[in-house]
Amino acid sequence: MAIEPGDARLDGGHKDARIPSMIRGRVQNGVVVLDDPQVLREGTEVAVKPLSRRGKRTGAGNGPAVSRALARLAGKAVGLPPDAARNVDHYLYGHAKR
């Protein structure tokens with residue numbers, strides 16, 4: 001079960017009950033089975049957002065779009081030493097150069 005900051009205050013219409021904003025589970029035989037089924041009251045309405053496609057994790061679900069956006073930034077930084085990529089730890093944290 002994953003509980004994130006900013007827990008919701010909705011649980012089947014009961015304002016005072018605290019429930020997490022995200023609960024993990026898996027689909028088994030066409031039914032969503034929660035990792036911790038005791039966390040929600042019977043009848044609580046939920047929305048399901050897949051975290052993976054065809055069994056492969058997709059993270060935030062926008063990997064290719066993020067990759068394209070970052071690729072547009074490649075080579076745009078100015079004033080960096082020519083070995084900045086290789087020795088980023090040296091320039092940021094003072095580690096020995098590679």
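A few notes on this one:
- Selected residue (criterion: modelled with the highest pLDDT) from residues of the stretch 50-79 that are in a loop (DSSP other than H, G, I, E, B) and β-branched (Val, Ile, Thr): Val78
- Residues of the stretch 79-98 classified as touching a helix residue (DSSP H, G or I) at 6+ places or on another chain (Cβ under 7 Å) and surrounded by 12 or more Cβ atoms within 10 Å (Cβ to Cβ), total: 1
- Residues within the stretch 7-49 that are in a loop (DSSP other than H, G, I, E, B), modelled with pLDDT of 75 or more and either surrounded by 10 or more Cβ atoms within 10 Å (Cβ to Cβ) or small (Gly, Ala, Ser) (or both), tallied: 13
The values are calculated or read from the model by the stated rules, or taken from the named source; none is laboratory data. What you see is a predicted model, and the numbers here were worked out from it, not measured in a lab. Note that we place each Cβ from the backbone using ideal geometry, even for glycine, and neighbour counts take in every protein chain shown.
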